[in-house]
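The values are calculated or read from the model by the stated rules, or taken from the named source; none is laboratory data. These numbers come from a predicted model, not from an experiment. A quick note on method: Cβ atoms are made from the backbone with ideal geometry, for glycine too, and the neighbour counts reach across all protein chains shown. Ligands, DNA and RNA are excluded from the accessible area calculation, which covers all protein heavy atoms including side chains. Shrake-Rupley method; radii C 1.70, N 1.55, O 1.52, S 1.80 Å.
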Amino acid sequence: MSNLIFCNLKVLLRNTPEEWLEATGGSATLVTGIDQDHTAVWLAENYGDAFADIYGFSNYAVNDLVLKSADALVSGGSFTRIVAMTEVDVMRAAILRERHGIPGLLPKDAIYMRDKILMKERAAESGILVPRDRKVSNALEVMDFIDEVGYPVVLKPSCGAGSMHTFVIGSEQELDRVLEGGCFSGSPVDMMPELLLEEFIHGEQYHINGFYADGKCHFMNVGRYIGTHLDFLHGRHMASTLLDARSALSQEIVAFVRKMLETALPFGPDGMFYVEIFQRPDGQLVMGEVGARIGGLSVYEESRFGFGVDFKMAAVRAFCGRGTPQWPVAEELQRGFVGHVVISPQPGFLEVIPQECPFDWVLDYRASPAGRRYSAMRGTNGEIATIIVSGENEADVEQNLLQATQWFYENTKWSS
């Protein structure tokens, strides 16, 4: 009896082969991505001891052969659980569970973890505050909604990922530019797609990460975003800092999220989660979105440095039937104040990039190699550098993030 793990290459590589082996016991089968630096041969040589078998696919996120091949694996094996680590894997895993009678999140429930329209409708029915929104399929429906709520508004796919094809529209001129780009009529299918249009929530944005196993929440932490995903996607950077888990705000957010996961949405008894919420200036908490997967950017590493535990590998260990952690609550686990910044590549040739960061409060610094040509990101998962910092408090962390980001820009050189 074994487990099938879906995990993209980026999330796989953030843990060592030894860490994966300790979590899986070496009996799990891995379905993941490959690229020019991490071929199937490379994966076998470096991660082969951590998994019973590894199957790698190019263009992993958009490759429909992944599901077909995984179906053949499940048909020929004896898998007891299918684990989805990333956004693109949620529905793949759900479809296979239903098809082969394997317990876990099934398509009828998993869709609420992907479709933001259904997700917010379901949450609102349980009394969760959500942004005013509407399904729209043409320019006139967009205009009607804006007449009701005013600018700014957010237009995005209902099942999108990585902030792709997302627009914050603040004026009629900006709306005209988005419409001119064919956000509806430019769809590759012969029909105008339904998009989600919602009011823009002014205030702070928070992310919440952790996991459930056997119906119990074993870890949950809260961080605050500095900047926006769209800034990052469009060539700049985005940062985050952990909240003090003992603070009243952190505990209020945790209670809000637990209500969403445990009573409002069909999240299920097992799974990792990534949640975004907003806090309006008047203090109201408003749902952003919920994902049944690990968070992006470097929120995982931020949590690992801040709390001294690895909730990702603990979750994998639990899902593989190897036991759940007996950790104290987050307020007791937290070791210090930590934040991180991820920096977007520029389209062009990277001539110079520093390989070491000179500040003693930097906990980790990772940078892509110079001497290569890079393109603009299509989604928020292709950073050129990550810097993780510590500080005496949240304000100190934020100042250190600003200083580290400025240092990076001053010491990096691009050419066309």
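Any residue in the stretch 31-46 that is outside any helix (DSSP H, G or I), out of contact with any strand residue (DSSP E or B) (no Cβ under 8 Å at 6 or more places or on another chain) and charged (D, E, K, R)? Checked the stretch 31-46: at least one residue is outside any helix (DSSP H, G or I), out of contact with any strand residue (DSSP E or B) (no Cβ under 8 Å at 6 or more places or on another chain) and charged (D, E, K, R). When you look at PHE267, is it in a loop (DSSP other than H, G, I, E, B) and at pLDDT below 95, yes or no? Answer is yes for this residue.
Here are some conditions: (1) in a helix (DSSP H, G or I); (2) closer than 28 Å to THR386 by Cα; (3) at pLDDT 95 or above. MET272 meets all but one. Which one does it not meet? Single failed check for MET272: (1). Screening GLY323 with (1) free of Cβ contacts under 8 Å to residues at least 24 places away in the same chain; (2) out of contact with any helix residue (DSSP H, G or I) (no Cβ under 7 Å at 6 or more places or on another chain) gives one miss only, at (2). Here is a list of conditions, (1) under 26 Å from the mean Cα position of the chain (by Cα); (2) over 25 Å from ASP310 (Cα atoms), and SER78 meets all of them except one; can you say which number that is? Of (1) under 26 Å from the mean Cα position of the chain (by Cα); (2) over 25 Å from ASP310 (Cα atoms), only one is false for SER78: (1). Among residues of the stretch 179-197 that are modelled with pLDDT of 80 or more, those with a Cβ under 7 angstrom from a residue that is among the acidic types (Asp, Glu) and surrounded by 17 or more Cβ atoms within 10 Å (Cβ to Cβ), sequence gap 6+ or separate chain, pair up as LEU196/ASP133; LEU197/ASP133.
Return a yes/no flag: does the stretch 87-94 have any residue that is among the basic types (Lys, Arg), at pLDDT 95 or above and within 22 Å of ILE294 (Cβ to Cβ). For the stretch 87-94, residues among the basic types (Lys, Arg), at pLDDT 95 or above and within 22 Å of ILE294 (Cβ to Cβ): present.
Residues in the stretch 13-50 that are within 19 Å of ILE82 (Cα to Cα), open to solvent by less than 10 Å² (accessible area, probe 1.4 Å) and of a type outside the set (Ser, Thr, Tyr): TRP20, ALA23, ALA28, LEU30, VAL31, GLY33, ALA50. I need every pair where a residue in the stretch 345-366 that is of a type in the set (A, V, I, L, M) has its Cβ under 7 Å from the Cβ of a residue that is assigned to a strand (DSSP E or B) and open to solvent by 50 Å² or more (accessible area, probe 1.4 Å), sequence separation at least 6 or different chains. The qualifying pairs are LEU350/ARG372; LEU350/TRP414; VAL352/LYS413.
Of all residues in the stretch 249-262, count the ones that are open to solvent by 10 Å² or more (accessible area, probe 1.4 Å) and more than 28 Å from THR80 (Cβ to Cβ). Count: 7. Among the residues making up the stretch 220-238, those that are of a type in the set (A, V, I, L, M, F, W, C) and open to solvent by less than 10 Å² (accessible area, probe 1.4 Å) are VAL222, PHE232, MET238. Of the helices (runs of 4 or more DSSP H) lying entirely inside the stretch 296-344, those carrying at least 1 residues that are under 23 Å from LEU13 (Cα atoms) and aliphatic (A, V, I, L, M) are 299-307, 311-319.
For the stretch 345-356, how many residues are open to solvent by less than 30 Å² (accessible area, probe 1.4 Å), more than 20 Å from ASN59 (Cβ to Cβ) and part of a loop (DSSP other than H, G, I, E, B)?
2
Restricting attention to the stretch 365-392 and to residues that are open to solvent by 70 Å² or more (accessible area, probe 1.4 Å) and part of a loop (DSSP other than H, G, I, E, B), the residue that is farthest from LEU350 (Cα to Cα) turns out to be GLU392. When ALA395 is tested against (1) among the hydrophobic types (A, V, I, L, M, F, W, C); (2) closer than 30 Å to SER250 by Cα; (3) in contact (Cβ under 8 Å) with a residue 12 or more places away in the chain, only condition (3) is not met.
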